[in-house]
Amino acid sequence: MSRPADPATLTRLGSMVAQLLEEMHTAPLDGPGRDRLRDVHSRALGEVRDRLPTELRGELDRLARPPEPGRPASGAELRIMQAQLVGWLEGVFAGAAFADALGDGHA
């Protein structure tokens, strides 16, 4: 597996998405809050996708679909989408760290 093209940006995006997920658990979302979160999630998903190697883009596209346009997302749907993206990014980082550790052990 190749490394993410821009690990620093992916780390910042992952931290932002994780913080948004944390905020969602502390306060209920009203309509404008859900709209804003939906917009941020869609943009973050696009930013992440643009910084990935090809093989990871396909995986992300299959697993983390953006919200359907024109249909309001519930708070629960938004929490699931955010958690899914955070979990996937954590897996990418863990895989990169594992690959680095294997590489260091065989050098």
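Numerical summary
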quantity	calculated
Relative contact order of the stretch 1-82, defined on C-alpha pairs under 8 angstrom at six or more residues apart (%)	47
Cα-based helix-to-principal-axis angle, 7-26 vs the chain, degrees rounded to 10	30
Around SER74: net Lys/Arg minus Asp/Glu count, Cβ-Cβ under 15 Å	+1
Total formal charge among the other residues, if their Cβ is under 14 angstrom from that of ASP35, Lys/Arg +1 and Asp/Glu -1	+1
Distant alpha-carbon pairs in the chain (separation over 21 angstrom), percent	37
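Only the coordinates and a few stated rules stand behind these numbers; no lab work does. Remember, it's a predicted structure, so these values are computed and weren't measured experimentally. Methodologically, a virtual Cβ is constructed for each residue, glycine included, from the backbone with ideal geometry; neighbour enumeration extends over all protein chains shown.
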